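First comes the structure, then the notes that go with it.
The values are calculated or read from the model by the stated rules, or taken from the named source; none is laboratory data. Remember, it's a predicted structure, so these values are computed and weren't measured experimentally. So basically every Cβ, Gly included, is an ideal-geometry build from the backbone, and we count neighbours across all protein chains shown.
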Amino acid sequence: MNEPEHTDPDAIELIRKLHERPQMLWAKWLQAPAHVHYKTFRMSDPPVQRPASRNEFKLFLDAFKVSADEMVVQDAFGYGMKSAKNGDRLIVIWQTHTEYYSYQIWHLPTDRSERVAFGPIAFPDYRFPITPLGAEVCHLDIVLMVEPLPGNEDMRPQFPGPVIYGSRILDDETSLVTSFTPDEYGRERYRVTVGSGKSSRSHVKDIVDAIVRIETYYHLILMQKPLFSAAVDQAYKYEQVHLKQREIISGHIGHADAQTLQRWLNGLTQDLLKTTRLAGKLHFELSASVPYDKIVHRTLASLNEGTLPLYRPMSEYVLSGITGVAEGYQQLLKRMDTLSRGFEGTISIIRARVDLMLQSQNLTLLASVDKTTKSQAILQYTVEGLSVIVIAYYLSGLMAYIFKGLHEMGWLRSADIAAALFVPISLGISMGITILGRKLLHKKFSGGIPSGASEKPQA
């Protein structure tokens, strides 16, 4: 007979969340023309700030009075939609990741023939109503258009910076242009030309996601360069200090005294703590550089980048900025690990030397204690022997008086003969008294059982 199946409600909820996908009802509206602002912020304390960023997003939605049926707020993803009186739509998408969170703000004009432009979002009464929690990583201004790409000279006024980069992506009808230089608002500008084909229009969200992914992880990698440069100099100083210390220690450890060894040990321990503290900070900040670098390369490859006449390829700028950076970070981490192991090895050698000195001192002390114990034993036996003689002497003397009295009373023929015969007896009595006294003292002070005594077996 089959047993009834019992279903854990917590297990059902877990499975539901694992298979849950956000219902992007707004995806059908994401078509060109569109104007997108992207903001991303790095969290200094992700476990605390990650849920706080979700509350921040809720405040964003409240500021625009987004209705409950036009918003979704999950643990790591949320969106809200707002329609203006003129029919324009504003879609705000919030996402949180391991160490950063981001906003995509889409302005979708109702009039598809309307031309969008760089600058502030033109949605009625739009503003960015919150103060973000973390440090800004990047800020992008993306316009998506269906008009053909203008000539190079016409594009020049739209992009700050000395060089404009451009590439064909996905297909021959889609292209993007940027200068990677912030404008007066601190935003990097991207102009995306979307072809008229259906396939091109369906990739609008994918194109924007690829751009923001490249920019975000590109900046996250490069944000650590100042820390990296300072750490390289600090690591070099620690390495030189350790090298000098090892030279001094290796040359003098054979005849160094305990005070010198202790001084070396204290100094090396302090250096090890400093190195470990720096290494821990670097591991926290730089360990993600390799996966970030891979994300940038994979995303660039997914765009299927092609050449755009008169423009330098976008990937040229991106890859030139991050090539070798992640590898440099990892080499520094390896250097710090090697340096920490070097300090630990030197400390172990000094501790081994200290242990040998302590063992030598202990052996000397034990030899001295053994010699003292032997002397005490000899003295004890001597005293016990003298005690037997003294007790026997006084006992024989006492008994001689008794024997004399008995002789005077006529009860004893010769007092001298009796006294002489009693001497061996007095020696035996004295020996017995000494042995018994030793056993009683041993039992009193050590809790032991006197020799010859037997324990009573328990029932």
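Computed values, structure above
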read-out: LYS82, sole failed condition from (1) surrounded by fewer than 20 Cβ atoms within 10 Å (Cβ to Cβ); (2) more than 23 Å from ALA210 (Cβ to Cβ); value: (1)
read-out: Single match in ILE91, ILE130 (criterion: in the same structural domain as VAL204 (by TED's automatic domain parsing), among the hydrophobic types (A, V, I, L, M, F, W, C), part of a loop (DSSP other than H, G, I, E, B) and farther than 26 Å from THR181 by Cβ); value: ILE130
read-out: Single match in GLN259, GLN330 (criterion: more than 28 Å from GLN224 (Cα to Cα) and assigned to a helix (DSSP H, G or I)); value: GLN259
read-out: Enumeration of residues in the range 254-293 that are modelled with pLDDT of 80 or more, surrounded by fewer than 18 Cβ atoms within 10 Å (Cβ to Cβ) and of a type in the set (Asp, Glu); value: GLU285
read-out: Hits in the range 99-127 - residues which are assigned to a loop (DSSP other than H, G, I, E, B) and touching a helix residue (DSSP H, G or I) at 6+ places or on another chain (Cβ under 9 Å); value: GLU99, ALA117, PHE118, ARG127
read-out: Meets criteria (under 29 Å from ASP183 (Cα atoms), out of contact with any Leu (no Cβ under 6 Å at 6 or more places or on another chain) and either surrounded by fewer than 19 Cβ atoms within 10 Å (Cβ to Cβ) or at pLDDT 90 or above (or both)) for VAL116; value: no
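Let's see how each residue does on (1) at pLDDT 90 or above; (2) surrounded by 18 or more Cβ atoms within 10 Å (Cβ to Cβ); (3) out of contact with any Asp or Glu (no Cβ under 8 Å at 6 or more places or on another chain); (4) among the acidic types (Asp, Glu):
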{"site": "ARG42", "(1), (2), (3), (4)": "yes, yes, no, no"}
{"site": "GLU56", "(1), (2), (3), (4)": "yes, yes, yes, yes"}
{"site": "ASP62", "(1), (2), (3), (4)": "yes, no, yes, yes"}
{"site": "TRP94", "(1), (2), (3), (4)": "yes, yes, yes, no"}
{"site": "THR98", "(1), (2), (3), (4)": "no, no, yes, no"}
{"site": "LEU108", "(1), (2), (3), (4)": "yes, yes, no, no"}
{"site": "PRO124", "(1), (2), (3), (4)": "no, no, no, no"}
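Rundown of residues vs (1) within 25 Å of PRO150 (Cβ to Cβ); (2) part of a loop (DSSP other than H, G, I, E, B); (3) among the polar types (S, T, N, Q), yes/no style:
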{"residue": "THR276", "(1), (2), (3)": "no, no, yes"}
{"residue": "GLY280", "(1), (2), (3)": "no, no, no"}
{"residue": "PHE284", "(1), (2), (3)": "no, no, no"}
{"residue": "PRO291", "(1), (2), (3)": "no, no, no"}
{"residue": "HIS297", "(1), (2), (3)": "no, no, no"}
{"residue": "VAL318", "(1), (2), (3)": "yes, no, no"}
